[in-house]
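The values are calculated or read from the model by the stated rules, or taken from the named source; none is laboratory data. On a predicted model such as this, the values are computed, not experimentally measured, just so you know. Here the Cβ positions follow ideal geometry from the backbone for every residue, glycine too, while neighbour counts run over all protein chains shown.
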Amino acid sequence: MGMIGGGTDAFIGSVHRLAAFMDGQVELVCGALSINPDIAKSSAQLLYLPEDRTYLNYEEMITMESQLPADQRMDFVTIVTPNFAHFAPAKMALEHGFHVVIEKPMTFTLDEAKELKQIVDKTGLLLCLTHTYSGYPMVKQAKAMIRDGVLGQIRKIYVEYPQGWLSKLSEREGNAQAAWRTDPKKSGKAGSMGDIGTHAAHLAEYVSGVKIAKLCADLNVVVPGRMLDDDGAVLLKFDNGASGVLMATQIAAGEENNLRIRVYGEKGGIDWKHEDPNTLLVKWLDQPVQVLRAGANYGNLSSYALANSRTPGGHPEGFLEAFANIYRNFTRTLQCRLEGTEPAPEWLDFPRVEEGIRGMAFIENVVNSGNSDTKWIDYVV
């Protein structure tokens, strides 16, 4: 693995490394870890990268790595830069023959996302988008149950993602993470909807198996002086006729990371919360609530849930393990690609470029709806 961004001054880079290394299948061999040369070099030293594979920009890294023998160069690159700096390195990496893992949202604009898909389609390379929450075993269990028709026809979807860390004007108080996420030049045209609303939208489509077809959005800037939305709600209509509600806010003071999804069919519903990720509630029309728990020793779970469960029941698995599941499925698929073998169906279950396009489409459509006097708009991809 090579890495672009993710130096010691960044948050998400270390999370990616922990996740990638968890199964002992990935080695970090090179990096362009910061646009600041001193941070790039010091970060590389802390990670024991050799001097000749410590690069000061992504152009140099991709060019030099592509000139190494096939058994020495990186196999894939992970891009953990702010949103505005996703597209160019991803495009260059793909064009030089490297597979890509990339943070969400995938690009800065929908047009960029579509261009990346064209390159992926042309090259046949893998692109993995780290929508972490789809890596939880009980999220995969919920998806499998709905796919198998256990709940019947899906009718209603509620997904909410409240945070409180931007309740103050933190971007003016030295918070670097807040600064770039609330800057339209670096984050894009959406704030909370781009940062966490995309997670909620992806989770709704991933778990339910249906796609957003229409929406009606209300976006708000609650904290005076902020340039992008920090709060919003969206009414949804899906392509199977179901309706739903999505809420994403970063000004819910006191909330940490309280993502929750509820999906209801004609026979019952599921309820999953990020604050208790090992538990999935199944609510039946004519039976008591059923409590399903994650655990590698529980034989009543789907093969997809079991393939992503790492410990026996009662041993908590959380954010890092879910993140690692994304990496493990991607790297197992990549290893099969390199060896010319067929990956297991469970390994193929990781977010890809298509989800990246839908994420960018969600941002575009939500902002367009929020700025419009029209009640409902068609969901344009």
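Of all residues in the range 350-365, those that are surrounded by fewer than 21 Cβ atoms within 10 Å (Cβ to Cβ) and part of a loop (DSSP other than H, G, I, E, B) total 1. For the range 76-91, filtering for residues that are surrounded by 24 or more Cβ atoms within 10 Å (Cβ to Cβ), part of a loop (DSSP other than H, G, I, E, B) and in contact (Cβ under 8 Å) with a residue 40 or more places away in the chain leaves 2. Just one of the numbered conditions (1) in a loop (DSSP other than H, G, I, E, B); (2) within 30 Å of Leu338 (Cβ to Cβ) is not true of Ser167: (2).
Scanning the range 92-119 for residues that are polar (S, T, N, Q), over 14 Å from the mean Cα position of the chain (by Cα) and either assigned to a loop (DSSP other than H, G, I, E, B) or crowded, with 19+ Cβ neighbours inside 10 Å (or both) yields a single hit, Thr109. Of the numbered criteria (1) closer than 27 Å to Ala85 by Cα; (2) touching a residue at least 40 places away in the same chain (Cβ under 8 Å), the one Ala178 fails is (2).
Quick grid of which residues meet (1) surrounded by fewer than 19 Cβ atoms within 10 Å (Cβ to Cβ); (2) hydroxyl-bearing (Ser, Thr, Tyr); (3) touching a Leu at 6+ places or on another chain (Cβ under 9 Å):
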| site | (1), (2), (3) |
| --- | --- |
| Met3 | no, no, yes |
| Ala20 | no, no, yes |
| Leu28 | no, no, yes |
| Ile35 | yes, no, yes |
| Lys41 | yes, no, yes |
| Leu47 | yes, no, yes |
| Tyr55 | no, yes, yes |
| Met74 | no, no, yes |
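Determine if the range 263-276 includes at least one residue that is crowded, with 18+ Cβ neighbours inside 10 Å, at pLDDT 95 or above, in a strand (DSSP E or B) and among the aliphatic types (A, V, I, L, M). The answer is yes, given that some residue of the range 263-276 is crowded, with 18+ Cβ neighbours inside 10 Å, at pLDDT 95 or above, in a strand (DSSP E or B) and among the aliphatic types (A, V, I, L, M).
Look at the range 331-345: where a residue is among the acidic types (Asp, Glu) and a partner is in a helix (DSSP H, G or I), sitting 6+ places away or on another chain with Cβ atoms under 8 Å, you get Glu342/Cys336. Quickly run through the range 181-193 and pick out the residues that are of a type in the set (Gly, Ala, Ser), touching a Leu at 6+ places or on another chain (Cβ under 8 Å) and surrounded by 24 or more Cβ atoms within 10 Å (Cβ to Cβ). Hits for the range 181-193 are Ala190, Gly191, Ser192. Go through the range 234-255 and give me each residue that's in a loop (DSSP other than H, G, I, E, B) and within 18 Å of the chain's Cα centre (by Cα). Selection gives Gln250 alone.
Contact map, the range 237-256: first residue more than 9 Å from Val210 (Cβ to Cβ) and at pLDDT 95 or above, second residue in a strand (DSSP E or B) and polar (S, T, N, Q), Cβ cut-off under 9 Å, separation 6 or more or different chains; pairs are Lys237/Ser243; Thr249/Asn220; Ile251/Asn220; Glu255/Thr249. Selection of the range 153-180 for residues being over 22 Å from Leu235 (Cβ atoms) and either surrounded by 24 or more Cβ atoms within 10 Å (Cβ to Cβ) or in contact with a Lys or Arg (Cβ under 6 Å, 6 or more places away or on another chain) (or both) yields Leu166, Trp180.
Within the range 1-46, the set of residues being aliphatic (A, V, I, L, M), under 23 Å from Ala322 (Cβ atoms) and part of a loop (DSSP other than H, G, I, E, B) comprises Met1, Ala10, Met22, Val26, Leu28. Would you check which residues across the range 120-160 are of a type in the set (A, V, I, L, M, F, W, C) and part of a strand (DSSP E or B) and list them? Those that are of a type in the set (A, V, I, L, M, F, W, C) and part of a strand (DSSP E or B): Leu127, Cys128, Leu129, Ile154, Ile157, Val159.
Residues that are of a type in the set (Lys, Arg) and either closer than 27 Å to Val221 by Cα or assigned to a loop (DSSP other than H, G, I, E, B) (or both) within the range 277-294 are absent altogether. For the range 173-227, the tally of residues that are assigned to a helix (DSSP H, G or I) and not small (Gly, Ala, Ser) stands at 16. The number of residues in the range 66-80 that are of a type outside the set (S, T, N, Q) and touching a strand residue (DSSP E or B) at 6+ places or on another chain (Cβ under 6 Å) comes to 4.
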